[in-house]
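The block underneath contains the structure these notes are about, expressed in structure tokens.
The values are calculated or read from the model by the stated rules, or taken from the named source; none is laboratory data. Keep in mind that this is a model prediction, so the values were computed, not measured. For neighbour counting, all protein chains shown are included, and Cβ atoms are generated from backbone atoms with ideal geometry for every residue, glycine included.
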Amino acid sequence: MPTTDSAKKRLKQNKKHNLRNKTRKSVLKTQVKKFLSLLKEGNAETAAAELRLTVKKLDKSVAKGILRKNTANRKKSKLTKKLNQIKAASQQKA
């Protein structure tokens, strides 16, 4: 247990920040799962719109200090590649 007043305050702040960050990470993961489920359905147009929202949330999480910049960039790159693969596959079928 913390003994000084500043340590007590930091403990309270850390709990609050931890809860806030956990919530934001959960929202982000849900958004990524939503995008991936649209990709599995093969609907490239709605998946592209969902990718824009996902990228926006990734960028916001970097700005809020929840994710590191390179982590977000890596996730954006992987998701974009998956979308491009689906688009290419649907164009070859047509």
Contact list, first residue from the stretch 69-94 and closer than 20 Å to Lys56 by Cβ, second anywhere and of a type in the set (Asp, Glu) and surrounded by 12 or more Cβ atoms within 10 Å (Cβ to Cβ), beta-carbon distance below 7 Å, six or more apart or interchain, is Ala72/Asp59
Just to be sure, is Val62 in contact with a Lys or Arg (Cβ under 9 Å, 6 or more places away or on another chain), within 29 Å of Ser90 (Cα to Cα) and among the β-branched types (Val, Ile, Thr)?
no
Of the residues Asn21, Asn73, which is farther than 30 Å from Gln91 by Cα, modelled with pLDDT of 95 or more and out of contact with any His (no Cβ under 7 Å at 6 or more places or on another chain)?
Asn21
When every residue in the stretch 12-48 that is more than 11 Å from Leu83 (Cα to Cα) and aliphatic (A, V, I, L, M) is compared, the one surrounded by the fewest Cβ atoms within 10 Å (Cβ to Cβ) is Leu19
Considering residues of the stretch 58-81 that are surrounded by 15 or more Cβ atoms within 10 Å (Cβ to Cβ) and among the charged types (D, E, K, R) only, the residue nearest to Glu45 (Cα to Cα):
Lys76
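For the stretch 53-94, enumerate the residues that are among the basic types (Lys, Arg) and farther than 13 Å from Leu28 by Cα.
Across the stretch 53-94, the qualifying residues are Arg68, Lys69, Arg74, Lys78, Lys81, Lys82, Lys87, Lys93.
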Look at Leu51 and say whether it is part of a helix (DSSP H, G or I), touching a Pro at 6+ places or on another chain (Cβ under 6 Å) and modelled with pLDDT of 95 or more.
no
Residues that are part of a loop (DSSP other than H, G, I, E, B) and touching a Lys or Arg at 6+ places or on another chain (Cβ under 6 Å), drawn from the stretch 1-42:
Pro2
